[in-house]
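Enquirer: One structure follows; several queries about it will come next.
Laboratory data are not the source of any read-out in this text; all were calculated from the coordinates shown. Keep in mind that this is a model prediction, so the values were computed, not measured. Note: ideal-geometry Cβ built from the backbone for every residue, glycine included; neighbour counts use all protein chains shown.
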Amino acid sequence: MDNSDLYKGLGTGQQTRSVTVLFFARLREALGSEREQLALPEGVADVAALREHLRQRGGPWSVELASGKPIRIAVNQDMAAPDTPLRHGDEIAFFPPVTGG
């Protein structure tokens, strides 16, 4: 048995995709979370869809992850575009852009 057998949906025959989501800096403060394991719902296939899914939680989630807010996202420690696909086991990090002088 490989590890994928551990993540099959009960009675559906569909595999559940689970990812680790990390929040840094002001996002960690505003959202009250630094890390969470998340089972990706059907239809959340890329970075943009994950951001929208999290934004729909409302409150600070909708404010901090609003489409107009500058947010950087990395998948497995590589900078990601909105259309970057998500796979089971990925680590997705959300953080504000860094500026310096």
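Enquirer: For R72, indicate whether it is within 13 Å of the chain's Cα centre (by Cα) and more than 19 Å from R28 (Cβ to Cβ).
Expert: The answer is no for R72.
Enquirer: May I pose another question? Are any residues in the range 34-84 more than 19 Å from T16 (Cβ to Cβ), in contact with an Asp or Glu (Cβ under 9 Å, 6 or more places away or on another chain) and acidic (D, E), and if so, which ones?
Expert: Listed by number, the list holds a single entry, D83.
Enquirer: Could I ask something else about it? Hey, can you tell me all the residues within the range 13-32 that are assigned to a loop (DSSP other than H, G, I, E, B) and surrounded by 14 or more Cβ atoms within 10 Å (Cβ to Cβ)?
Expert: Correct list: T16, F24.
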